[in-house]
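Taken together, the values in this text are just the output of simple stated rules run on the coordinates, not laboratory data. Just so you know, these numbers come straight off a predicted model, no measurement behind them. Cβ atoms come from the backbone with ideal geometry, glycine included; neighbour counts cover every protein chain shown.
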Amino acid sequence: MSSGRPRVVIVGAGFGGLAAARSLRHAAVDVLVVDKHNYHLFQPLLYQVASALLDPSEIAYPVRAALRRTGNADFRLARVDAVAVEARTVHTDAGDISYDYLVVAAGSVNNFFGVGSVEERAHGLKALEEALSLRNHLLQAAERAAWAEDESERQRLLTVVLVGAGPTGVELSGAISELVHLVLRKDFPRLDLSRMRIVLLEAGDDVLPAFAPRLRRAALRTLQSKGVEVRLHAAVSAANDEGVVLSSGEEIPTSTIVWTAGVRGAPLAASLGVPLNRQGRVAVTDTLQLPQHPEVFVIGDLAELHQDGAPLPMLAAVAMQQGHHVATTIAGSLSGVQPRPFRYRDKGIMATIGRNSAVAQIGPLRFTGFVGWVMWLGIHLILLVGFRSKVIALFNWAWDYFFYDRPVRLIARPERLEATDASHTPHPPER
Ligand SMILES: Cc1cc2nc3c(=O)[nH]c(=O)nc-3n(C[C@H](O)[C@H](O)[C@H](O)COP(=O)(O)OP(=O)(O)OC[C@H]3O[C@@H](n4cnc5c(N)ncnc54)[C@H](O)[C@@H]3O)c2cc1C
């Protein structure tokens with residue numbers, strides 16, 4: 001039943017959408033959050049699910065629980081297929097929903113840059129299903145390698161290739177190295193895991209390009225000390241059933257390809273009827289609105305906004321600050337306050353490369369090693385949604401740290417990957 005108050009529909013219960021909904025709790029509006037999942041996903045820790053350190057329930061939190069204290073907000077589990085901006089309606093697989101204000105916070109999906117053979121075979125790391133699928137795959141590959149009779153097939157099973165040395169590729173390769181050398185080593189005493197190859201391919205000329213040179217060098221040293229083979233200027237041109245092919249023609253036999261080389265705006269953006277940039281992001285005004293439709297806001301990974309001459313990065317902090325900002329704008333507009341330009345306050349960036357090691361860049365400050373790692377732990381613990389998630393994650397981290405053991409290394413095959421999600425293609429059955 002309508003309350004007569006303006007209705008704010010928020011597409012996406014990620015970092016941006018949830019921040020917007022919660023910040024509207026005192027505004028005289030009805031808020032409806034629509035998401036195709038019933039949980040908020042803490043993507044920065046997806047790699048820990050993939051490397052068997054955390055369970056999905058520690059990094060995913062029910063949207064309804066997250067909105068419990070936002071009395072004017074409701075949730076609808078639905079996939080939004082299109083936005084009809086003229087009709088002020090979103091079309092979903094559960095029916096049409098009309099709005100007075102719309103906040104599009106649908107995030108991003110894997111970007112395979114049109115290399116279909118890689119998209120068909122690589123594991124992405126954007127969704128919970130993908131992280132679980134990768135965990136199962138890694139553990140299954142070790143089981144197969146343990147019984148492989150053919151030497152070259154065993155080596156192929158023991159080779160993991162990660163494509164893209166940004167924070168996700170760096171963090172995941174460090175975590176897989178520790179999974180193999182500190183944990184699986186004890187489970188597979190008869191398998192020579194010193195033959196495990198973890199190859200991190202980067203088309204550019206350095207790892208972690210967004211970080212300061214000193215931090216990049218520290219990250220590279222740490223990766224190498226963990227046995228990760230970092231290959232710079234190595235672009236992947238194709239994949240086949242045997243492994244990956246580089247643009248130089250070199251082939252690396254592998255049973256595991258992980259794509260961490262980039263993302264693009266969620267496909268929903270195409271229905272907004274505005275130009276998209278090469279990354280599929282929507283060019284918004286400095287107030288985060290669509291130029292012709294000020295009642296439509298686009299935030300987070302999906303929004304392209306330049307600040308000081310560069311596009312804002314796809315970061316959780318950007319999405320959250322933008323969520324707060326559009327909530328203030330919407331609340332203000334009810335009493336005639338003009339929207340103000342958004343300005344991102346940089347909170348810094350960090351990446352961890354396994355136990356006792358992280359790099360962090362906060363304003364002019366640079367941290368590496370143990371200090372960086374403790375900061376990383378503290379900040380991620382604070383940001384995890386839900387007290388239970390914090391406690392269990394802390395327990396699992398401590399268990400892993402002291403006992404070199406990961407509690408969740410079960411091969412629990414999830415259902416087939418969601419076929420409707422344009423971000424990935426279901427993997428073919430394991431061979
Ligand atoms: C592996 C990984 C590690 C990362 N690490 C960090 C980090 O350390 N620090 C950092 O700041 N950032 C990190 N990021 C980036 C950060 O997660 C994103 O910038 C942030 O999630 C963007 O927030 P958002 O609200 O725009 O989108 P998201 O948080 O992605 O939320 C989008 C929501 O929209 C929903 N949705 C999408 N399409 C539809 C549809 N058609 N219908 C209904 N619902 C839909 C999705 O289900 C999702 O809940 C990482 C990302 C990844 C993938």
query = Cross-link partners among lysines for K186, C-alpha distance below 27 Å, same-chain residues fewer than 8 apart left out?
reply = K226
query = For the stretch 130-284, rounded, prolate or oblate, judged on the Cα gyration tensor with a ≥ b ≥ c (square roots of eigenvalues), a/c < 1.5 rounded, else prolate if a/b > b/c?
reply = prolate
ask   = For the chain, what are the per-bin percents of Cα-Cα distances with bins 10 Å wide, up to the bin holding the maximum?
value = 4, 21, 31, 25, 13, 4, 1, 0
request  = Mind giving me the nanometre distance, one decimal, between the label points for A283 and K347, set 7 Å out from Cα along Cα→Cβ?
outcome  = 3.0
Separation between Cα centres of the stretch 122-140 and the stretch 338-387, rounded to whole Å = 25
request  = Only residues of the stretch 185-222 count here: report those whose backbone N is under 12 Å from the spot 7 Å along Cα→Cβ of S247, or say none.
outcome  = 202-205
task = Give me the lysines in straight-line cross-link reach of K36: C-alpha distance below 28 Å, same-chain residues under 8 apart excluded.
result = K126, K390
query = What is the distance in Å between the Cα centres of the stretch 27-49 and the stretch 229-259?
reply = 34
query = Rounded if a/c is under 1.5, else prolate if a/b is larger than b/c, else oblate: which is the stretch 295-407, with a ≥ b ≥ c the root eigenvalues of its Cα gyration tensor?
reply = prolate
remark   = The answer for D74, listing residues at least 5 apart or on another chain whose modeled amide H is closer than 5 Å to its amide H, is V31, L32, V33
ask   = Can you give the Rg to Rh ratio of the stretch 51-120, both from alpha-carbon atoms, with Rh computed by the Kirkwood formula?
value = 1.08
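In debye, nearest 20, what is the charge dipole magnitude of the stretch 83-146 about its Cα centre with +1 on Lys and Arg Cβ and -1 on Asp and Glu Cβ, if you could check?
The calculation lands at about 320 debye.
Given R₀ = 22 Å, what would the calculated FRET efficiency be for R69 paired with D100, taking r from the Cβ atoms and rounding to 0.05?
Rounded to the nearest 0.05, the efficiency is 0.40.
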note = Pseudo-spin-label distance S271 to S333, built 7 Å along Cα→Cβ, given in nm, is 2.0
ask   = Counting Lys and Arg as +1 and Asp and Glu as -1, each charge on the Cβ, what is the dipole of the chain about the Cα centre in debye, to the nearest 20?
value = 1440
inquiry  = Between Y404 and E153, what is 0.36 nm times their sequence separation minus the Cα-Cα distance? Round to one decimal in nm.
reply    = 87.5 nm
query = Taking the Cα atoms of the stretch 78-158, what is the range of coordinates along each of the three principal axes, in descending order and whole Å?
reply = 63, 24, 17
task = Could you give the DSSP H helices of the chain that reach 20 angstrom or more along their long axis (alpha carbon positions) and whose average Kyte-Doolittle hydropathy is no lower than 1.0?
result = 369-383
task = Go ahead and collect, in residue order, the members of the stretch 116-141 whose backbone nitrogen is under 17 Å from a label point 7 Å along the Cα-Cβ direction of A412.
result = 128-140
ask   = Taking Rh as the Kirkwood radius computed over C-alpha pairs, what is the Stokes-Einstein D of the stretch 249-353 at 4 °C in a medium of viscosity 1.567 mPa s, expressed in µm² per second?
value = 82
message = Can you tell me the convex hull volume per residue for the stretch 1-159, based on C-alpha atoms, in Å³ to the nearest whole number?
response = 139
query = How many nm is it between the label spots at D187 and V391, if each spot is 7 Å from the Cα in line with the beta carbon?
reply = 2.7
